[in-house]
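The values are calculated or read from the model by the stated rules, or taken from the named source; none is laboratory data. Just so we're clear, the structure is a prediction, and the values are computed from it rather than from any experiment. Quick reminder, even Gly has a Cβ in these numbers, built from the backbone with ideal geometry, and neighbours come from all protein chains shown. Ligands, DNA and RNA are excluded from the accessible area calculation, which covers all protein heavy atoms including side chains. Shrake-Rupley method; radii C 1.70, N 1.55, O 1.52, S 1.80 Å.
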Amino acid sequence: MTRRPMIAGNWKMHKLQSEAVELFNGIKDGLRDYTIEQLPEVVVAPVFTSISSVVAQKTECGCGCKGQKIKVAAQNCYWETQGAFTGEVSVEMAKDAGCELIIIGHSERRQYFSETDEMINKKAKAILNNGLVPIICCGETLEQREHGVTDAHITSQIQKALEGITTEDASKIVIAYEPIWAIGTGKTCDADEANRVIKMIRNVVKDLYNTEVADAVRILYGGSVKPETIEEQMSKSDIDGALVGGASLKADSFVKIVLGARSKVNA
Ligand code: 13P
């Protein structure tokens, strides 16, 4: 089975509204000469305050894409629909603002905001129940890697994140393998090693569900992805795309990464 590759830009806590609009339009311009079919699925995740402004730019670019060439994701959500949860944003609210996907379980949220696997599982279920796509992040620290517990740690993160999710819903999810030591450090994980871990994740999904689901789930690599690294990463059997931080903050480098991932697009 063929999986549609995905390149997602996680803008983290960057860009005021006007800057976010400029970045989005820069990406749109850079992809103007390509049809949706010629590209991987392209996603950007602005901060909440910029989502509406960015979504307003999702207009027809002249290629017949009806503004669907670049999808918008949220960087987080809360699992309750509404209520007294000061500072939180529900899935329904993110959807209402125009988001089609939501990143959950990013290592920065686990580290700085004490998010647990149980919370990530609740978020994943809420996202799927609302018809959106969760991008579930996982990954090991340098210490865990050095202690040889990378696979065990990631297996546990995935098993807990997917607990109670139906087979039908499971095939829709996207997983991002982001080794924490490779995030924002300029140190990319060796492509063969990233592919090995991603294959291992696919096997965890197979054990939880079946081969069909494991073959359908897209698994991205994240951690210092750059225009210079993407082609080798995409040449590996199980890497279906990238979750990009720093290099997604400039239109030209993000566009290069998107175009560098075309080897797996079946146009
Ligand atoms: P960098 O690409 O800046 O390493 O960030 C990766 C990341 O955390 C994406 O979610």
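Before moving on, here are some points about what is shown:
- In Å, descending, principal axis extents of the Cα set of the stretch 1-79: 32, 30, 17
- Among the listed pairs K95/K172; K160/K226; K12/K125; K58/K226, those beyond 27 Å (Cα-Cα): K160/K226
- Computed E for N130/D215 - FRET, C-beta separation, R0 22 angstrom, nearest 0.05: 0.30
- Each peptide among 204-214, 80-90 gets the average number of other Cβ atoms lying within 10 Å of its residues, and from highest to lowest they stand as 204-214, 80-90.
- Atom-type composition of the exposed protein surface of the stretch 37-78 places 51 percent of the accessible area on carbon and sulfur (1.4 angstrom probe).
- Calculated log₁₀ intensity ratio I(q)/I(0) where the Debye formula runs over C-alpha points of the stretch 26-121, q = 0.16, 0.17 Å⁻¹: -0.74, -0.80
- For the stretch 144-258, the pair-distance distribution built from all alpha carbon pairs, in bins 5 Å wide starting at 0, is 2, 12, 22, 23, 18, 13, 8, 2, 0 percent.
- Directionally averaged shadow of the stretch 105-152, computed from the convex hull of its alpha-carbon atoms, nm²: 3.8 nm²
- The base-10 log of I(q)/I(0) for the stretch 204-256, evaluated at q = 0.13 Å⁻¹, reads -0.40 [Debye formula, identical scatterers on Cα atoms, solvent excluded].
- Percentage of interatomic Cα-Cα distances in the chain larger than 33 Å: 13 percent
- Ordering of 218-226, 62-70 by packing [mean C-beta count within 10 Å, highest first]: 218-226, 62-70
- Å² per residue, accessible surface of the stretch 42-169 at 1.4 Å: 46 Å²
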